[in-house]
Structure formats: structure tokens, C-alpha cells
Amino acid sequence: TVIRIIGGLLSAFELSREAVFLRKAEELAGLMMYSFKANPETGVPCTTISLDGSRRCTFPTWTQRNAILAEFGTIQLEFKYLAHHTGRKEFWEVAERQIRNVRGRTQPAGLYPNFMSPKTLRWTTTKVSMGALADSFYEYLLKQWLLTQRTEPYLRTMFDEAMLGMARSMVARSTPSELVYIADYVSEGKLVHKMDHLAC
């Protein structure tokens, strides 16, 4: 919803400057704001929400009710852009809180695991992927740094450290062709030797 719908509306606004697109993006984001209050101690938004007024707010059973890095870590561009253009600082605050939630947490090999407890902010797995479940989080670190006119250097530092961790711990070569690929990290010295297409 955030990347495709809100992001699409904001892209249309950026290109056309027609206020209806910004207004609809703001309206949709406003409907989603309750999801950040489901876990008030941490502010991690629910994965599945409802826009029909029932305020459904859940995390998937297949993650054991954990939050997914690529979901809570991939709202920042849209919500910060909205805050800038609408003057509603609450959009910036809920998005920035997600980065604070992961920043400085102990992580394996300088990388960010795929799942986090929305209640305790503890990583609930050591598995790291540059593909599905995580890819856009890393992309958004760099894009946020650029969006903020490079005024938030910690975002670039987080990105650089993660890319160095990836290069040290996840890059492998196939046998016998010696083709380079990015494997999934499970634990120190242990990889799952596959490359998700989203890792490209």
C-alpha cells in the first residue's frame, strides 16, 4: 500500500503538481496512522490493516507475528515526503521512529535480520536477505539520505556499513562456473546458496 499506492499518488503529484494526488495520498496515509498505535511502546506498524473503519491490525502467522523489515523499514520516503508537503509532522515522526528502532541494535555482521518483534524490538531471526523481506529497507536508507539533501549522514552510514557487511558475509561464487551471487545469510559462516531476484 505504501510504496505502490501512496508512492504512486505522490509520484503523480510530483510530476503534475495537481493537488488531488497529494490530497488522496494524505487521506490514505491518515487512514493508516492507527496501525502505528497498536504497539505504542515501539510504534511498529501492523502488517495487515483495514481501511474500512474496523481497524483490523495484525501480523502474519507465518512470521510468528513478527514485523517484516521490508515493511516497517520501507515507509520513510512516502511519509517524509507527505510531512514536507502537508506540514503534518506526525507522518515524519512515525516513519523516523522505525529507523530509530533498528539503528544501533546489535545485528549480525553489520546486517539487519528479516524479522523483529513488534513488542520488544528484538531480532527474532539471524537470517538476512538482500531479496524479499528486506531488499527495499536497504534501498530506502540511501534514498532517505538523498531525499533529505544529505543532511542526515547516519542514514548513509547505516547503508554503507550494511553494504560492507553484505560484501564480507554474503557474496559467494557458484560452482563450477564461478559466477558471483548474493546468498542469504543464516549465521556466521553459514549461507543459503540461492539468490533472490530482488537482490539484483
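Tabulated results
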read-out	value
Cross-chain or 6+ apart pairs with Cβ under 9 Å, the range 178-200 first and under 13 Å from P108 (Cα atoms) and touching a residue at least 24 places away in the same chain (Cβ under 8 Å), then open to solvent by 50 Å² or more (accessible area, probe 1.4 Å) and hydrophobic (A, V, I, L, M, F, W, C)	D184/V192; D184/M195; Y185/V192; V186/V192
Residues of the range 37-92 that turn out to be surrounded by fewer than 16 Cβ atoms within 10 Å (Cβ to Cβ) and among the small types (G, A, S), as a count	4
The one condition in (1) part of a loop (DSSP other than H, G, I, E, B); (2) more than 24 Å from R156 (Cβ to Cβ); (3) hydrophobic (A, V, I, L, M, F, W, C) that L121 fails to fulfil	(2)
In the range 1-41, the residues that are touching a residue at least 40 places away in the same chain (Cβ under 8 Å) and touching a Pro at 6+ places or on another chain (Cβ under 6 Å)	F36, N39
Residue in the range 124-143 that is of a type outside the set (D, E), out of contact with any Asp or Glu (no Cβ under 6 Å at 6 or more places or on another chain) and exposed (fewer than 14 other Cβ atoms within 10 Å of the Cβ) present	no
Meets criteria (of a type in the set (A, V, I, L, M) and modelled with pLDDT of 95 or more) for A83	yes
Residue under evaluation E152, criteria (1) closer than 22 Å to A38 by Cβ; (2) without any contact (Cβ under 8 Å) to a residue 12 or more places away in the chain, criterion not met	(1)
The range 184-200 - residue that is aliphatic (A, V, I, L, M) and closer than 10 Å to G131 by Cβ and, of those, farthest from the chain's Cα centre (by Cα)	M195
Residue within the range 93-109 that is without any contact (Cβ under 8 Å) to a residue 60 or more places away in the chain, within 27 Å of M32 (Cα to Cα) and buried (at least 22 other Cβ atoms within 10 Å of the Cβ) present	yes
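The values are calculated or read from the model by the stated rules, or taken from the named source; none is laboratory data. Here the structure is a predicted model, which means the values were calculated and not measured. Positions of Cβ are generated from backbone atoms using ideal geometry, with glycine treated the same way; all protein chains shown enter the neighbour counts. We work out accessible area using only protein heavy atoms, side chains counted, and drop any ligands, DNA or RNA first. Shrake-Rupley method; radii C 1.70, N 1.55, O 1.52, S 1.80 Å.
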